[in-house]
Every structure is written in C-alpha cells, then in structure tokens.
1. Would you be able to say whether some residue in the stretch 344-364 is touching a helix residue (DSSP H, G or I) at 6+ places or on another chain (Cβ under 6 Å), among the β-branched types (V, I, T) and in a helix (DSSP H, G or I)?
2. From the list A65, A55, A33, which one is loosely packed, with under 15 Cβ neighbours inside 10 Å and farther than 17 Å from V123 by Cβ?
3. For E194, all conditions in the list (1) at pLDDT below 95; (2) surrounded by 24 or more Cβ atoms within 10 Å (Cβ to Cβ) hold save one; what is the number of the exception?
4. Out of R74, R86, R51, R82, I need the residue that is among the charged types (D, E, K, R), touching a Cys at 6+ places or on another chain (Cβ under 8 Å) and in the same structural domain as S169 (by TED's automatic domain parsing). Which one?
5. Go through the stretch 264-292 and give me each residue that's assigned to a helix (DSSP H, G or I), of a type outside the set (A, V, I, L, M, F, W, C) and either out of contact with any strand residue (DSSP E or B) (no Cβ under 9 Å at 6 or more places or on another chain) or surrounded by fewer than 18 Cβ atoms within 10 Å (Cβ to Cβ) (or both).
6. For the subset of the stretch 237-263 comprising residues that are in contact (Cβ under 8 Å) with a residue 40 or more places away in the chain and surrounded by fewer than 21 Cβ atoms within 10 Å (Cβ to Cβ), which member is nearest to L276 (Cα to Cα)?
7. Would you pick out the residues in the stretch 293-330 that are in contact with a Ser or Thr (Cβ under 7 Å, 6 or more places away or on another chain), surrounded by 24 or more Cβ atoms within 10 Å (Cβ to Cβ), closer than 14 Å to V217 by Cβ and of a type outside the set (S, T, Y)?
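The values are calculated or read from the model by the stated rules, or taken from the named source; none is laboratory data. Remember, it's a predicted structure, so these values are computed and weren't measured experimentally. For neighbour counting, all protein chains shown are included, and Cβ atoms are generated from backbone atoms with ideal geometry for every residue, glycine included.
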Amino acid sequence: MTTHILVVPSWYTSGRGPGGGYFRDQALALAAAGHRVAIAAPAIYTWRDRRAGRAPAAGAEIVVAHDGVPVYRRSAFTALPRLPYRNPLAWAACGLKLAAAYIDGNGRPDLVHAHSCMNAGVVALALFRRYGIPYVVTEHSSGPATGRWWERHLIRRVIARAGKCLAVSPHLAGLLERAYPGSAWHYLPNVLGEAFLATCPAPPPAAERAGFVFLCVARLSPEKGHALLLEAFAAAFGGDPRTRLRLVGDGPLRRDLEALAVRRGVARQVEFAGALPAAGVRAEMERADAFVLASHRETFGVAVIEALACGLPVVSTRSGGPDHMIDASNGRLVAGNDACLLRDALVAMRREARLYDRAAIRAAVIRRCGPDAFARQFAAMIADPPSAPVRNRHDADPQPA
C-alpha cells in the first residue's frame, strides 16, 4: 500500500553530508519501497546569524530542490530575543507556511515523519492540530532526556499526540521511556546510505598487505573519545611502523590530538585525513583492516554500520548506541573510559582480524539496516494502532529478514 509521507527534519543543510544524511537516506528507502515521499525542511535565523553572515539569501521564499526526493525549503527570520519557546514556536510557524505551500501543490499527506522532537516534532504537532495529519517521530538525540523545563513541556505534548515514537537504538528508547514515564518508544535503526550498499571488493591476502590499518570515523570532539583511543593505540603499538591509525573527521580537538600523538611518540603512525564525503569514507574503509570507535556516548553510531557494511570487524567502547550491534561475530565491545581494556582489545584485533568472516559481517548489517529492511520495519511500525501492545519493542533486531 502506497503512503504519502512528508518528512520533516530538525536540521537539513544537505542530504549528502552530516547536515541531513540520515533523513535523506530514510526518505530514499521509503520512496524505493513505493511510497510517495517528500521532505519539508523549515529553518529559522536570528540577528546573530545575520551579523555572522549566516543568513540565507532566499529569506522566506520557498525553494524546491531535488535530492533524490523533492525537498521543500523555507528559512524565516525571527526578531524575538532568545527566550523559552522562541525557537520551536518560530520553527512551527515557518513549518506551517511551508506545509501549506506543499499541500496546495501536492495534496494532503497521509503521514508526517518528524525527525527529533525538537524542533521537527513541534512542527508535526502543529500540522496535526491544523490539518489532522497523523505523525510519527523518530528521535536521534539524547537531548530530550535532559532538556530544559520548557523543552520537556513541549516534548511531552509531541509524544502524547504521536502515532508512534521511534528511537534509533534500544539504549535511547529505554532512556526516553525513563525520562517520560508512560511513553512507549520502539527501536528502529538508522538506514545504510547508498554509498555503502554495493559489495566491497575482497581484501588482498594478508601476505600482500603492507601492515595493518585501524580506521576511526568520527568528529574530532570530546565525546568521541579520540584522546582515549590515542593513549590506547600508543600503549599497544608505539614504535611499530607497520600498525597505523587513520582518523577521518574534523573538529575543535584536531590540534590537541595532533599534539597528543607527538607527545605519545606515534605521530608517524597516526594520520589525520580530515572530513570526507561518503564516497571518501567508503574508500578509507575498503583500505582498512579494522574499525575502532572510542566514544563516551552515542545514540546510534552510523559509522559503525557503515564499517560493518564494508565487512570490517569493529572495536567499540560501550557508549549506548553501538552496544547492541557488536558481538563476537563482528568485533569486540569494551567498557568505556578504560585505556587498558581498549589497548588489549586493539592488540587482540590486530592479531585476529583476518579470522572474521567479512561476508557474514556485511550480510548481517544489510539484514538489519539495509533500505529494504528499514522500509519493511517502518511499514510494520506505522501499521499498528498507537495503543496496540508491541512485544520486544527494544529488540536489537526488530524484524530480521
């Protein structure tokens, strides 16, 4: 059955990068499954944005682009001072005007899919009140669990009217249920992007490989645990030129991390590749021997499923989001914030990486996070009445193929 779905993201600079990739990938998966899908991306800007030169050229004009699916965009200026409720209410006003233009040209959607309660969920609630369009919300952030009083007030209203509340990991689902007693959150994982769907070429035999490469793909910011990773890597492989660590990503800690690599004597073994597009990330994964993530907290871990789709075994700290995806068949999971345990896991992975079945690693993540699996699971979620009891709603593999 074809459903007309309007996707509302909470941020969308570009669907081909970190400013909207998750949302575009999900929209493409639903469109490929036969649904009629469009994205409505409202945004607001303030006096601060104008002074910093970040104000959009189009202003309040509605712009329609094509990013694999139609994308309707509108940016609205708010002159109000930064007070409680300002941003979500300005978002809702902008989103209502954007949706009105979309409905005028395309008809009333059957469903709104809001990505994150703040602020897309507030837009979806406003559309429900004005047009009666039902909505589901997918939460990608742990922010709602610790939000300010007025944010929590709005989020409770969004949750109360949502047909389904979805979370991208079992850990996040449980966190949100504890933060909002009486709510029910269902696990639906993020979907693999198109760059990671094609089968990766088989790696050359171990005898032909020049050394061993650990790869980490993450923003260079404190919560990603790069300092912990560098300490563990230096303790395990310092002075071994055949073992290298490639860091893909950029961020405020780059200079500090480069200095740390020098102090720990591994500057020649650690390479900073900077931020790369999806195709570049895939190329890095094809050249790597194992993937490592040392985050202190994650709500999902998109880079982890991308690595698994390339057949890479993974070493990950327990950080919430990736925990349910790593087991003995595809890697090693270690306690967070312990450099000694991470060092030991890296040493073991260096020794055992060739023993993992890369084809099986890839097949398992495609079954869980491929576009077909996502579309099937999403359809099953929205087909159930909101009040229907759902067994194992935090199941780590909700609907295996």
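1. At the first step, the residues of the stretch 344-364 found to be touching a helix residue (DSSP H, G or I) at 6+ places or on another chain (Cβ under 6 Å) are 346-347, 354, 361-362.
Now drop any that are not among the β-branched types (V, I, T), which leaves 347, 361.
Keeping just the survivors that are in a helix (DSSP H, G or I) gives 347, 361.
Yes - at least one qualifying residue is present in the stretch 344-364.
2. A65
3. With respect to (1) at pLDDT below 95; (2) surrounded by 24 or more Cβ atoms within 10 Å (Cβ to Cβ), E194 is out only on (2).
4. Within the list R74, R86, R51, R82, the selection yields R74.
5. In the first step, residues of the stretch 264-292 are kept if they are assigned to a helix (DSSP H, G or I); the result is 278-287.
Among the residues that remain, those that are also of a type outside the set (A, V, I, L, M, F, W, C) are: 280, 282, 284, 286-287.
If the condition is that a residue be assigned to a helix (DSSP H, G or I), of a type outside the set (A, V, I, L, M, F, W, C) and either out of contact with any strand residue (DSSP E or B) (no Cβ under 9 Å at 6 or more places or on another chain) or surrounded by fewer than 18 Cβ atoms within 10 Å (Cβ to Cβ) (or both), then G280, R282, E286, R287 are the ones that fit.
6. Among them, the one singled out is R246.
7. If the condition is that a residue be in contact with a Ser or Thr (Cβ under 7 Å, 6 or more places away or on another chain), surrounded by 24 or more Cβ atoms within 10 Å (Cβ to Cβ), closer than 14 Å to V217 by Cβ and of a type outside the set (S, T, Y), then L293, A294, E298, V304, P322 are the ones that fit.
For every residue, the table says whether it meets (1) among the β-branched types (V, I, T); (2) touching a helix residue (DSSP H, G or I) at 6+ places or on another chain (Cβ under 8 Å); (3) surrounded by 14 or more Cβ atoms within 10 Å (Cβ to Cβ); (4) modelled with pLDDT of 95 or more.
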position: E151; (1), (2), (3), (4): no, yes, yes, yes
position: A162; (1), (2), (3), (4): no, yes, yes, yes
position: L172; (1), (2), (3), (4): no, yes, yes, yes
position: P189; (1), (2), (3), (4): no, yes, yes, yes
position: P204; (1), (2), (3), (4): no, no, no, no
position: V217; (1), (2), (3), (4): yes, yes, yes, yes
